Amino acid sequence: MCDLLAKMAVNICGLWDMVSNVNFDGYMIAMGIGPTTRKIALKLKHRKIIEQMDDQYIIKTLSTFKNYSLSFRVGEEFEEFTKGLDNRHCKSLVTWQGNRLVCTQKGEKKKRGWVHWLEGDKLHLELYCEDQICRQVFKKNG
């Protein structure tokens, strides 16, 4: 169930299927992900499930290869272990900046994080690490 918080600008909750994935390989190289995993990951179509329960968000990224689940409260820094992705520990902070849900991550990698926002009926996601930006677009399922 996606109850809107008063300070939340948009409702990004739902089931989302990937329709495009630009520069994912460059992003994964910047993250330090090995060639075998990259080769597999480039063939996958991800699905996102975004849920909100009170002031907590849960973002699940699903594929036939690996799944990743992230739970957080907007405005509260938390320890994140990116198990199954690049297997790093970092401190993450998610905030609303206008209509964009922005995550900044501090750790081994510089300038690392992501941004979610809606344009029309599409959910956009930019993943960034160091000098690489991956741009993904998802369409709502159902």
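The values are calculated or read from the model by the stated rules, or taken from the named source; none is laboratory data. Model, not experiment: these values are computed from the prediction. A quick note on method: Cβ atoms are made from the backbone with ideal geometry, for glycine too, and the neighbour counts reach across all protein chains shown. Side chains are part of the model used for accessible areas, which takes the heavy atoms of the whole protein and leaves out ligands, DNA and RNA. Shrake-Rupley method; radii C 1.70, N 1.55, O 1.52, S 1.80 Å.
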Spin-label pair N87/I33, simplified geometry with 7 Å Cα→Cβ offset, distance in nm: 1.4 nm
At a Cα cut-off below 20 Å, give the lysines reachable from K122, other chains included and same-chain residues fewer than 8 away excluded. K45, K48, K60, K139, K140
Where does the chain land at 222 nm, in deg cm²/dmol rounded to the nearest 500, when only DSSP H runs of n ≥ 4 count, each adding -39500 (n - 2.57), divided by all residues? -2500 deg cm²/dmol
Residue span E130 to V19: 0.36 nm per residue of separation minus Cα-Cα distance leaves a gain in nm of 37.5 nm
Counting only C-alpha contacts under 8 Å and six or more residues apart, can you give the relative contact order of the range 17-142 as a whole percent? 25 percent
Work out, step by step, the length gained on full extension between K106 and Y68: first 0.36 nm times the residue separation, then minus their alpha carbon distance; give nm to one decimal. 11.8 nm
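Just to confirm the filter: which trypsin sites (Lys or Arg not before Pro) across the range 79-142 are DSSP coil and have at most 12 other Cβ within 10 angstrom of their Cβ?
Values: sites: K83, R88, K91, R100, K106, K109, K110, K111, R112, K122, R135, K139, K140; in loops: K83, R88, K109, K110, K111.
The qualifying sites are K83, K110.
Count charges around E130 for me, please; just the other residues with Cβ under 11 Å from its Cβ, Lys/Arg as +1, Asp/Glu as -1.
Details: positive: K109, K110, K111, R112; negative: E108, D131.
Local net charge: +2.
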Provide the per residue accessible area, probe 1.4 Å, for the range 31-142, rounded to a whole number of square angstrom. 56 Å²
Per the 1.4 Å probe, what fraction of the accessible area of the chain, in percent, lies on carbon and sulfur atoms? 53 percent
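If the convex hull of the alpha-carbon atoms of the range 72-138 is projected onto planes in all directions, what is the mean projected area in square nanometres? Could you put the intermediate results ahead of the total?
On the way: hull surface 19.4 nm².
Across all orientations, the range 72-138 yields a mean hull projection of 4.8 nm².
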Neighbours of W117 by Cβ distance under 9 Å: Lys/Arg at +1, Asp/Glu at -1, summed charge -1
